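The values are calculated or read from the model by the stated rules, or taken from the named source; none is laboratory data. All of these numbers come straight from a predicted model, not from anything done at the bench. Here Cβ is always computed from backbone atoms with ideal geometry, including for glycine, and neighbour counts include all displayed protein chains. The area values use the complete protein model at the heavy-atom level, side chains included, leaving out ligands, DNA and RNA. Shrake-Rupley method; radii C 1.70, N 1.55, O 1.52, S 1.80 Å.
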Amino acid sequence: MNNPLGFIFDIDGVLVDSNPAHFESWVVAAREDGFEFTSELFQQTFGQTSRAIIKNNWPHDVTPEDIRRLDERKETLYREYVPAKVKLIPGAKELLLQLESFGFAVAVGSSGPGINVHFIVDFFDLRSHLKSIVSGTDVANGKPWPDIFLKAAQEMNVSPSQCAIIDDSESGILSGVAAGMKTIGFFSQGHLPYEYAKADMLVHSFGELTPELIARLIADSPRGKEPRLKSDK
């Protein structure tokens, strides 16, 4: 193809069904700190970094050291739950391989901490198929800021206007829009239709997507001037 195309997968709720493991790890970590982490709060904070969730939602003042400690505890618990509680979303890896064969550069872009993102990538044997792996640890601002997706495009050496992202959260969709990319909402449990209002299209399964359809989506009406990471000159 003349212009290289890129596709970026969110991880949690898109590539993998990790909600049970994430919710349980939040409940346990919060309970140890005297705080009840509810399912409502879990839904409200989808797509945000764990650091931001702790900073903005804990019922008592937290110091930077508290945030680091709670973050590490929550994510350690999550990795312990992965083998028993996290599974690939049906059709996700198949689409990833189809995109790769079609000529797309493929990446993952998640607000999760780097240690978790790389753990999932390796647990499900995805690394050799990815041109970029970007986590919330790798950027100054997580979703809904565009940094994660812009960094992935940069590392794939693909223009943001030639990229599409797929994400199951409102913050992820807003991140993709802010990055100047085409956005595909992946409807998942616990979300409501209005959260995908800014998406270019909404799907309920990977069976609705093909590389050809995604290429046409990217080719249709570019978003215009491309944003750049704050670190870019």
When only residues in the stretch 3-52 that are surrounded by fewer than 22 Cβ atoms within 10 Å (Cβ to Cβ) and among the aromatic types (F, W, Y) count, which is farthest from K93 (Cα to Cα)?
F35
Does any residue in the stretch 50-72 that is touching a residue at least 60 places away in the same chain (Cβ under 8 Å) come within less than 7 Å, Cβ to Cβ, of a residue that is small (G, A, S) six or more places away or on a different chain, and which pairs are these?
A52/G142
Give the stretch 98-115 a look and list any residue that's over 17 Å from the mean Cα position of the chain (by Cα) and open to solvent by 60 Å² or more (accessible area, probe 1.4 Å), or say none.
Q98, E100, S101, F102
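For the stretch 90-98, state whether one or more residues are assigned to a loop (DSSP other than H, G, I, E, B), touching a residue at least 40 places away in the same chain (Cβ under 8 Å) and out of contact with any Ser or Thr (no Cβ under 6 Å at 6 or more places or on another chain). Walk me through it before giving the result.
The first filter runs over the stretch 90-98 and keeps only residues assigned to a loop (DSSP other than H, G, I, E, B), leaving 90-91.
With the extra rule that they be touching a residue at least 40 places away in the same chain (Cβ under 8 Å), the set shrinks to 90-91.
After this cut, where a residue has to be out of contact with any Ser or Thr (no Cβ under 6 Å at 6 or more places or on another chain) as well, the list is 90-91.
Within the stretch 90-98 (the criterion being assigned to a loop (DSSP other than H, G, I, E, B), touching a residue at least 40 places away in the same chain (Cβ under 8 Å) and out of contact with any Ser or Thr (no Cβ under 6 Å at 6 or more places or on another chain)), the answer is yes, since at least one residue qualifies.
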Of everything in the stretch 177-190, what is closer than 19 Å to I218 by Cα, out of contact with any helix residue (DSSP H, G or I) (no Cβ under 6 Å at 6 or more places or on another chain) and outside any strand (DSSP E or B)? Give them in sequence order.
V177, A178
What is the residue count in the stretch 15-47 for residues that are touching a helix residue (DSSP H, G or I) at 6+ places or on another chain (Cβ under 7 Å) and at positive phi?
1
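Quick check, is A84 assigned to a helix (DSSP H, G or I), open to solvent by less than 30 Å² (accessible area, probe 1.4 Å) and more than 21 Å from D138 (Cβ to Cβ)?
Details: assigned to a helix (DSSP H, G or I): yes; open to solvent by less than 30 Å² (accessible area, probe 1.4 Å): no; more than 21 Å from D138 (Cβ to Cβ): yes.
Considered against the rule, which asks whether it is assigned to a helix (DSSP H, G or I), open to solvent by less than 30 Å² (accessible area, probe 1.4 Å) and more than 21 Å from D138 (Cβ to Cβ), A84 comes out as no.
Tally up the residues in the stretch 68-97 that are of a type in the set (K, R) and within 19 Å of the chain's Cα centre (by Cα), please. First the steps, then the outcome.
Taking the stretch 68-97 and keeping what is of a type in the set (K, R), we get 68-69, 73-74, 79, 85, 87, 93.
With within 19 Å of the chain's Cα centre (by Cα) added as a condition, the list becomes 74, 79, 85, 87, 93.
Count: 5.
Could you list, in sequence order, all residues of the stretch 116-150 that are assigned to a helix (DSSP H, G or I), open to solvent by less than 30 Å² (accessible area, probe 1.4 Å) and of a type in the set (A, V, I, L, M, F, W, C)? Before the answer, list the steps.
Kept after step one, since they are assigned to a helix (DSSP H, G or I), are these residues of the stretch 116-150: 116-123, 127-129, 136-138, 147-150.
Those still in the list that are open to solvent by less than 30 Å² (accessible area, probe 1.4 Å) too: 116-117, 120-121, 136, 147-150.
Residues satisfying the conditions are V117, I120, V121, I148, F149, L150.
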Restricting to the stretch 12-32, give me the number of residues that are at pLDDT 95 or above and part of a loop (DSSP other than H, G, I, E, B).
2
Give the residue that is nearest to T45 (Cα to Cα), with candidates limited to residues of the stretch 151-176 that are hydrophobic (A, V, I, L, M, F, W, C), open to solvent by less than 10 Å² (accessible area, probe 1.4 Å) and assigned to a helix (DSSP H, G or I).
I173
